[in-house]
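Visitor: The structure under discussion is supplied below as structure tokens; questions concerning it will follow.
Taken together, the values in this text are just the output of simple stated rules run on the coordinates, not laboratory data. Just so it is clear, the structure is predicted and the values come from calculations on it, not from any experiment. A quick note on method: Cβ atoms are made from the backbone with ideal geometry, for glycine too, and the neighbour counts reach across all protein chains shown.
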Amino acid sequence: MRRLWRWITRLLLAGIICVVLLVSPVIYVETACRGDGVSEPYAAVLPPEVHRAEARTLMTYPEWHIVHAYDDYAKVISAGDPHDFGFLRSIAGFWQSLCALTEASARHGGVDGETRQLVYVIGVSFSAELLLKAAYEETAGRVIAMVRGSPRAPLDDLSARQAADYARFLQQTPWYKWDFQRDAQALQDQATGVLRDRERRFALGLEYGAKAAYARVIAAAVAATGADALRLRMLVDDLMTVTSDDITIVAVRPGGVEIEVPRYRKLTQLLDNLAAEGVDFIEIAGNDDILFTALSDTPTHADAIHSFARQGYDDHRHLILVKVTELADILRTLPGAGLQLEHIHDY
């Protein structure tokens, strides 16, 4: 009984340490990342019922950081192994960017409690997932890769393709709609008898199975509470000759043309196309500020809230907050400034 109690005590202590480690970034953001400043008054043109909180343009980035992390991971393992990916670096990047964005949000109405809680939950979940994956890939996974040698096994290439497909899927669709069971079955079907394939089939099969089960829970919760709106309203100066199946004209107002457009990745592509056609933006979802991310070869950018290097790519990501009325001009001049548009963050 004494030995059993010692093991129970050790497990409890280990659990407490894990919880403290996972929660400590939340405590840091809450205590050390309090920005100052007062929100600038803005008289919106669009009706109140289509408004979205302005600070949410900043708080959508943390979820996209996770999307980008999966893309970075896919890029790294396309030619390397999972242990080549900087798991801790990716986790740190999430919380560092959240700190900078939280400070900036003080000048844009602050972050409401519900959004703050959601961001913390996904941050802790993301951290836990990568820590578990790192614990395996840096130990058993690394050993098996060393035994395999330089030539890649068939499931190394398959898992890299699956990771790339998943990263692209996340650009527009929630993660819990991905078919993890299909990926697990593909591992079963294409595995050979070599040690690395057997190990990948087992390890990734467990991961996909756990994600599939969790995805069902999240999907049920979303179905019960309702998914977020997939479209938003914005005001442009003139559509001119622009036509798109994604644009619905709602009304012609004294201040411009009110249109309804899709959110997420489609919005980035649409706004970039509209700017190239000469359209200027006046207001988006009742707001006059919006965040976008851009890529460049330089490690810093004068207007960036936060900048850092991407994994697997020889470039850097910059988080830039601008006025909606300036966005179109900025998009048109990005290439000349050595920047590549990555994503425009709605609300």
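Visitor: Provide the per-residue ³J(HN,Hα) series for the range 63-68, in order, calculated from phi with Karplus coefficients 6.51, -1.76, 1.60 and θ = phi - 60°, each as a whole number of Hz, with x at glycine and proline positions.
Guide: Those phi angles translate into 5, 6, 4, 5, 4, 5 Hz.
Visitor: Based on alpha-carbon atoms only, what is the radius of gyration of the range 79-172 relative to the globular estimate 2.2 N^0.38 Å?
Guide: Dividing the Cα radius of gyration by 2.2 N^0.38 Å gives 1.41.
Visitor: Please list the non-local residues whose amide H lies under 5 Å from the amide H of L232, H modeled 1.01 Å from N, same-chain partners needing a gap of 5 or more.
Guide: V261, R263
Visitor: A further question follows. By how many degrees, 0 to 90 and rounded to 10, does the Cα axis of helix 154-169 deviate from the longest principal axis of the chain?
Guide: Tilt of helix 154-169: around 20 degrees.
Visitor: Show me the ranking of peptides 188-197, 314-323 by mean Cβ neighbours inside 10 Å, starting with the highest.
Guide: Ranked by mean Cβ neighbours within 10 Å, highest first: 314-323, 188-197.
Visitor: For D157, project a label point 7 Å along Cα to C-beta. Then give me every residue of the range 195-209 with its amide nitrogen under 15 Å of that point.
Guide: 197
Visitor: Let me ask something else. Give me the one-decimal nm value for the distance between modelled label points at E326 and T192, 7 Å along each residue's Cα-to-Cβ direction.
Guide: Taking the two extended label points, one gets 5.6 nm.
Visitor: Any idea what the dipole of the range 231-345 comes to, in debye rounded to 20, about its Cα centre with Lys/Arg Cβ at +1 and Asp/Glu Cβ at -1?
Guide: 360
Visitor: So for the range 45-225, taking the charge dipole from beta-carbon charges (+1 Lys/Arg, -1 Asp/Glu), which of A203, G86, L170 sits furthest toward the positive end?
Guide: Result: A203.
Visitor: Moving on. Considering only L271, A186, V45, whose Cα is most displaced toward the positive end of the charge dipole of the chain, charges sitting on Cβ of Lys, Arg (+1) and Asp, Glu (-1)?
Guide: A186
Visitor: I've got another one for you. In the chain, if the dipole is taken from +1 on Lys/Arg beta carbons and -1 on Asp/Glu beta carbons about the Cα centre, which of I122, G149, I320 is farthest to the positive end?
Guide: It is G149.
Visitor: Now for a different question. Just from its helices, what would the mean residue ellipticity at 222 nm be for the chain, if runs of 4 or more DSSP H residues each count -39500 (n - 2.57) and the sum is divided by every residue, rounded to the nearest 500 deg cm²/dmol?
Guide: Mean residue ellipticity at 222 nm (helix-derived): -17500 deg cm²/dmol.
Visitor: Averaged over all directions, how much area does the convex hull of the C-alpha atoms of the chain cover when projected, in nm²?
Guide: Reported value for the Cα convex hull: 21.8 nm².
Visitor: Kindly express, to the nearest 10 degrees and within the range 0 to 90, the angle between helix 324-333's C-alpha long axis and the longest C-alpha principal axis of the chain.
Guide: 70
Visitor: Would you calculate the separation in nanometres between label points at V121 and D237, each defined as 7 Å from the Cα along the Cα-to-beta-carbon direction?
Guide: Result: 4.2 nm between the two label points.
Visitor: For the chain: lysine pairs with Cα atoms under 19 Å, gap of 8 or more or different chains, count?
Guide: Lysine pair count for the chain: 4.
Visitor: Tabulate in residue order the Karplus-calculated ³J(HN,Hα) for the range 188-194, using 6.51 cos²θ - 1.76 cosθ + 1.60 with θ = phi - 60°, rounded to whole Hz; enter x for Gly and Pro.
Guide: Along the range 188-194, the couplings run 4, 6, 9, 5, 9, x, 5 Hz.
Visitor: Give a residue-ordered list of calculated ³J(HN,Hα) values for the range 47-56 (Karplus: 6.51 cos²θ - 1.76 cosθ + 1.60, θ = phi - 60°; whole Hz; x for Gly, Pro).
Guide: x, x, 5, 10, 6, 10, 4, 5, 4, 5
Visitor: What is the calculated FRET efficiency for V45 to M146, with r their C-beta to C-beta distance and R₀ = 45 Å, to the nearest 0.05?
Guide: With R0 = 45 Å, the Cβ-Cβ based efficiency is 0.15.
Visitor: On to the next question. Please get the size of the charge dipole for the chain, origin at its Cα centre, with Cβ charges of +1 on Lys and Arg and -1 on Asp and Glu, quoted in debye to the nearest 20.
Guide: Its charge dipole is roughly 2100 debye.
Visitor: Using 0.36 nm per residue of separation minus the Cα-Cα distance, give me the extension gain between D245 and A32 in nm, one decimal.
Guide: The D245-A32 span can extend by a further 72.1 nm.
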